[in-house]
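Down below is the structure, laid out as structure tokens.
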Amino acid sequence: MDNAPLYLRIATDLEAEIEAGSLKAGEKIESERALSERMGVSRMTARQALRHLLSKGLVETRTGQGTFVGSRIMEQRLETLSGFTEEIRRQGRQTSSVIVASATRRADEVTARALSLSAAAQVHSLTRVRFVDGLPVALETTDVVADRAPGLLELADFRTSSLYATLGAQFGIVPTRAEQTLMAGLADAHVARTLHAEPGSPVLNLTRLTRDQNGNAFEFVRSTYRGDFFVMKVNLSLGDGTAA
């Protein structure tokens, strides 16, 4: 990083302050002039640093008011079945992934039980760190029944490609219904390190069993989301004949 352009080093320092919570969502960031004076750089360099943060979605500009830390909260609707990639892109945010592990292996006990598989059954297992606007927000392991999608892991680059889009295009598998469980938890050391969070900070643990258009279970997902990044939203209506 010592050889990086000066504006990028300044932007990285500001990003670290945002990540650490020293600069909070909605908080105004100092002006170009104030930043240049504090850092001892030209206003052009300060402007480049702020533009870099803007390009990553970490800050937003408000006409006549200045630059503010952007809102990092993402809303995920629970009544609509969609993949992570589709949901984040629908909200106009940038998403990418880092693949931690990718292999075809024997299903572990939890996955085999969820998918009603035999002890010897194989699954395509894909573990990814999910990023939104350059920030790590979720650790996700997806297991897909191997017999349903031969060679799946070699068909696309799942750092950027949608798993659901690939399953639909290559195998005619359309995710249609899912059973999802959400539970509050605390980040252990591994999750905290992976998601750049503090150990013991709040997380949301999600499991999902997904079925195709024929009602057959094909996918089991285990995800851990940063608790300070996601809001899970569901619309409810009063059932017929139910008294308020």
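The values are calculated or read from the model by the stated rules, or taken from the named source; none is laboratory data. Everything numeric here is computed off the predicted structure, so don't read it as measured data. Reconstructed Cβ throughout: ideal geometry from the backbone, glycine too, with neighbour counts over all protein chains shown.
Taking every residue in segment 104-126 that is over 15 Å from T207 (Cα atoms) and pairing it with any residue that is surrounded by fewer than 20 Cβ atoms within 10 Å (Cβ to Cβ) and of a type in the set (D, E), at least 6 positions away or on another chain, the pairs with Cβ-Cβ distances below 8 Å are A121/D147; Q122/D147.
In this structure, is T142 among the polar types (S, T, N, Q), closer than 17 Å to V100 by Cα and surrounded by 15 or more Cβ atoms within 10 Å (Cβ to Cβ)? Spelling it out, T142 is indeed among the polar types (S, T, N, Q), closer than 17 Å to V100 by Cα and surrounded by 15 or more Cβ atoms within 10 Å (Cβ to Cβ).
The condition (being modelled with pLDDT of 70 or more and small (G, A, S)) is satisfied by just one residue among G64, G57: G64.
Checking T160, T194, T141 one by one, the residue that is under 17 Å from the mean Cα position of the chain (by Cα) and at pLDDT 95 or above is T141 and no other.
Residues considered: E37, E17. Of these, the only one that is over 26 Å from H196 (Cα atoms), without any contact (Cβ under 8 Å) to a residue 12 or more places away in the chain, acidic (D, E) and part of a helix (DSSP H, G or I) is E37. Residues of segment 189-207 that are loosely packed, with under 13 Cβ neighbours inside 10 Å and out of contact with any helix residue (DSSP H, G or I) (no Cβ under 8 Å at 6 or more places or on another chain): A189, H190, R193. Do we find a residue being touching a helix residue (DSSP H, G or I) at 6+ places or on another chain (Cβ under 9 Å), modelled with pLDDT of 70 or more, more than 18 Å from L195 (Cβ to Cβ) and not in a helix (DSSP H, G or I) anywhere in segment 80-99? No; the residues of segment 80-99 include none that is touching a helix residue (DSSP H, G or I) at 6+ places or on another chain (Cβ under 9 Å), modelled with pLDDT of 70 or more, more than 18 Å from L195 (Cβ to Cβ) and not in a helix (DSSP H, G or I).
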